[in-house]
Every structure is written in structure tokens, then in C-alpha cells.
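Q: My questions all concern the structure below.
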Amino acid sequence: MITIKVPCSSANIGPGFDVVGLSLSIWLTLQVNIVTTTTTTDTTPPPHTLNCNITYEGEGASHVPLAADANLITRTALYVLKCHGQRTFPRTTHVHIVNPIPLGRGLGSSGAAVVAGVLLANSVSKLGLSKDRMMDYCLMIERHPDNVMAAMMGGFVGSYLRELDPADMERKEIPLAEVLPEPAGGINTGLRPPEPPLGIGHYIKFGWAKEVKAVAIIPDFEVSTATAREVLPEVYSKKDMACLSPITGTSGIFNLQRLAVLTTALTRSPPDAELIFQAMQDKVHQPYRKHLIPGLPEILASVTPQSHPGLLGICLSGAGPTILALATHNFEHIAEMIMARFKQEGITCRYELLEPAYEGAQVIES
């Protein structure tokens, strides 16, 4: 029996668009049982697609596919297995998925699934891959490192993709369909998948003050990452990217200024609420996504450390629609105020009080 646990994650954290991610304490769990003895012969057809039986409970249970070549977790695992010359799961593998992470809400559900799939392949076939090497496989599927890096490594994480050398550059834009092809009939799907280059992504873990917790206010509707990215401009103007100092008259890069402060401000105890609140402002993605999330501008503007003692900062979690509020106390009041504002738009919500998942993804064998 193998248990795989992967935390959810929140990307961007205000000014850190596509740069920082925070793992949080809602855990996707896989309970994996490999039957090593069987009375069937090698010529007996496997009882389940690609030798894998999937059962599922939790978020999305009514519509998440349970075929091994269709479920994101097992498709990811099959990609890794095929890169190592294995076309199927060991006979017979049972994967029970328990998923409390809301789907399409900006809490890294797909990133957690990709990480879980890579860990699943590494575990069932004893590939001996390090977390760093497993991240290369994750980044072939999830091309933005913020969610998957936080989910794999844990904590508050900054990451970047390295510039590839000329040989690797030929493979840099491999179509995702070549990595995770649509199911087309069993073991011949994706016959020769591309292996990832070494060391695609790099990261650093930032500190985190022990007092700081995250309140996730989760609306009851989804915003797909693809839709949220479509509303972003292809090119940002100088006005979008810069701010004008009233003192010096010189321009500075708005998000970079704040991110440089935020990554240190969140490590200090006691936290400086005014410093963190201002450092969590953003001009790169939140202003463009306000039409996808009714009430977003009003919420971001009206919930402040002055109006809600205990609050440190507030932002859209990933692509949304979840709102992430960092705070040291008064958690329920902060959540209820934001939920009340959403209710004015006819939107119901729930909230979760979360802490950083410092250890990241885990594999437990028993």
C-alpha cells in the first residue's frame, strides 16, 4: 500500500504573477494498492484499462473520468512510465483518489493532479527519481511552475524556468498533445513520448512568519485557467507595468517593486500589516480578470487592515475566483465580510482556514 499526498496551492500571491506559489493544507490523497500475486496468466486480458482500476471520492466525483487513459493523474503517470519503457501500470494497480481540492477555483487542483501523477509513476515502478527530476516531468505538462513547484516542494516558493541550451531549445515548445495525447485506444497512445530536458525549473523557498494563516473564500462557480489567461493582454503598456513616484518623478516597475518587498515582509514576526497590504497590490492580472469575478474590485479595495484588524493582505488566488486573505487573527469575520459581498452579487461561498504545507508532496509506504 502506497499513500501519496499532494497539497493544494495558491499562485501569484498579489504581485507574483507566474512567479510565486504557496502550498496550502488541503490535500489530494492517492491510496495505491498493487496486487503482486495473481492466478491469471500473462495471456489473460487485464481487468481494467492499462492494468489500472481507479475509484474516486470528493470534488468533481460526478464527472471526473475514471479510465486510466483519460484521468489526468493516471495519464500523467502513464507519460512518465512510457518515458521509462513501460506501457502500462503493474498488474493490477488500484488507485483510490480522495480529492477535497475544489476544481476550477484557483487552488491548483490540476497542478496537484499532475504532481500526484508523477509521484504515482515513480512509486509504482520504483523509478528512483528525485523531486527535482520529477519536476521536469511536471513542467512538460503544467508549463507554468508556480502551482506545481509549490505543490511538490511545499511552503512559499519562488520559481523560474531556465533558458535552455540550443539542443534543448529544439524541444522547448513541444506541443502538449505530444506529451499527453488524447486517449486513442490503449497502450499504443503516445508510443514515443518526449522526455523532458534536465533541470527545466528552479526554485527557492522563502520564509513564512508563524502567525500568518490563509483564509480562502471559495465561490460556488468555476473560472478555467484558459479563460482567465485569455483576458490578459498579449503586450503590456508602460502604464500597466510602471508606476510614477510622486516624490522623484521617476518610474518604477510596479509589481517587481512590491514582490521584492513581499517575499521578505512575510518572513518577519510580528508581521507589518500596512507593509504587506501595499506589497500585495497587483497591476498585471487582477485588473483584467475583474469582469470574470463579480464584486472583485470592491472586495480588493474595501477589505483592508484598517477596516478588518488582523488582515495582512488580500488577492485573487491563482486565476480565481477564490479570494485569498492573509491574516493573523479575526479570520471568521474577514471571511464573512467577503462572503457577504459576494452574496450581493448572488454568489454563495464557503471558506477554509489554511496553513502552509511546508513539506509539500509526500509518499508514505506501508
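Q: Would you work out if the range 44-115 is rounded, prolate or oblate? Take a ≥ b ≥ c from the square roots of the eigenvalues of the alpha-carbon gyration tensor; rounded if a/c is under 1.5, else prolate when a/b is larger than b/c, oblate otherwise. Write out the running numbers ahead of the final one.
A: Details: a/c = 2.89, a/b = 1.59, b/c = 1.81.
Judged from the Cα gyration tensor, the range 44-115 comes out oblate (a/c at least 1.5, b/c at or above a/b).
Q: Report the residue, chosen from Ala68, Ala319, Ala260, that carries the largest GNM mean-square fluctuation when the chain is represented by alpha-carbon nodes joined by springs under 10 Å.
A: Result for the chain, Cα springs under 10 Å: Ala260 fluctuates most.
Q: To make sure I understand, if each residue's beta carbon is the centre and we count other beta carbons within 10 Å, what order do Asp69, Asp272 fall in, fewest to most?
A: Numbers: Asp69 21, Asp272 16.
Lowest count first: Asp272, Asp69.
Q: If you don't mind, there's one more thing I want to ask. Please give the contour-minus-distance gain from Met1 to Asp220: 0.36 nm per residue of separation, less the Cα-Cα distance, rounded to one decimal in nm. Could the numbers behind the result be given before it?
A: On the way: separation 219, 0.36 × 219 = 78.84 nm, distance 3.49 nm.
Full extension from Met1 to Asp220 adds 75.3 nm.
Q: Related question: Quick one: what are the phi-derived ³J(HN,Hα) couplings along the range 194-208, Karplus 6.51/-1.76/1.60 with θ = phi - 60°, whole Hz, x for glycine and proline?
A: x, 7, x, x, 7, x, 5, x, 10, 8, 9, 8, 8, x, 8
Q: So, one more: How far, in degrees from 0 to 90, does helix 331-344 lean away from the longest principal axis of the Cα atoms of the chain, to the nearest 10?
A: For helix 331-344, the angle is close to 90 degrees.
Q: A further question on this structure: Going by C-beta contacts inside 10 Å, put Asp146, Asp18, Asp220, Asp282 in order with the fewest on the left. Could the numbers behind the result be given before it?
A: Numbers: Asp146 29, Asp18 16, Asp220 12, Asp282 20.
So the ranking, lowest neighbour count to highest, is Asp220, Asp18, Asp282, Asp146.
Q: What shape does the range 191-241 take by its C-alpha gyration tensor, where a ≥ b ≥ c are the square roots of the eigenvalues and a/c under 1.5 counts as rounded, a/b above b/c as prolate, and the rest as oblate?
A: Values: a/c = 1.44, a/b = 1.14, b/c = 1.27.
Here the range 191-241 falls in the rounded category.
Q: Amide H to amide H under 5 Å from Asp18: which residues, 5+ apart in sequence or cross-chain, H placed 1.01 Å off N in plane?
A: Close amide H contacts, sequence-distant or interchain: Asn12.
Q: Using each residue's phi in the range 63-74, evaluate 6.51 cos²θ - 1.76 cosθ + 1.60 at θ = phi - 60° and report the 3J(HN,Hα) Karplus result to the nearest Hz, with x for Gly and Pro.
A: Each residue's phi maps through the Karplus curve to give 9, 5, x, 10, 8, 4, 8, 10, 6, 4, 4, 6 Hz.
Q: Apply the Karplus parameterisation 6.51 cos²θ - 1.76 cosθ + 1.60, with θ equal to phi minus 60°, to every residue of the range 99-110 and state each ³J(HN,Hα) to the nearest whole Hz, in sequence, with x for glycine and proline.
A: Values, residue by residue: 10, x, 7, x, 8, x, 10, x, 10, x, 5, 6 Hz.
Q: Where does each of Lys131, Lys82, Lys343 land when they are ranked from fewest to most other beta-carbon atoms within 10 angstrom? Working shown, then result.
A: Values: Lys131 16, Lys82 19, Lys343 12.
Placing the least packed residue first, the sequence is Lys343, Lys131, Lys82.
Q: Sticking with this one: How would the range 207-354 be classified by its alpha-carbon gyration tensor: rounded, prolate or oblate, with rounded meaning a/c under 1.5 and the a/b versus b/c comparison settling the rest?
A: Values: a/c = 1.87, a/b = 1.10, b/c = 1.70.
Judged from the Cα gyration tensor, the range 207-354 comes out oblate (a/c at least 1.5, b/c at or above a/b).
Q: Counting only pairs 8 or more places apart or on different chains, how many lysine pairs in the range 207-354 have C-alpha atoms closer than 19 Å? Could the numbers behind the result be given before it?
A: On the way: Lys238/Lys283; Lys239/Lys283; Lys239/Lys290; Lys290/Lys343.
The result is 4.
Q: Assuming 0.36 nm per residue, please report the length gained on full extension of the stretch Glu274 to Asn330 beyond their Cα-Cα distance.
A: Numbers: separation 56, 0.36 × 56 = 20.16 nm, distance 1.63 nm.
Using 0.36 nm per residue and subtracting the Cα-Cα distance, I get 18.5 nm.
Q: While we're here: Taking amide H atoms as placed 1.01 Å from N in the peptide plane, list the residues 5 or more away in sequence, or in a different chain, whose amide H sits under 5 Å from that of Gly313.
A: For Gly313, the qualifying residues are Leu326.
Q: Most mobile of Pro356, Pro194, Pro233 per a Gaussian network model of the chain (Cα springs, under 10 Å)?
A: Pro233
Q: Continuing with this model, one more query. With Cα Rg over 2.2 N^0.38 Å in mind, check (1) 1.11; (2) 0.96; (3) 1.04 and report the label derived from this structure.
A: Correct label is (3).
Q: Go ahead and estimate [θ] at 222 nm for the chain from helices alone: -39,500 (n - 2.57) per DSSP H run with n ≥ 4, summed, over the residue count, rounded to 500. Each step should come with its number before you reach the end.
A: Working: 12 runs with 106 residues, N = 366.
Calculated at 222 nm, the ellipticity per residue is -8000 deg cm²/dmol.
Where a number appears in this text, it was derived from the coordinates with a stated rule and is not lab data. Just so it is clear, the structure is predicted and the values come from calculations on it, not from any experiment. Neighbour counts are summed over all protein chains in view; Cβ atoms, including those assigned to glycine, are modelled from backbone coordinates with ideal geometry.
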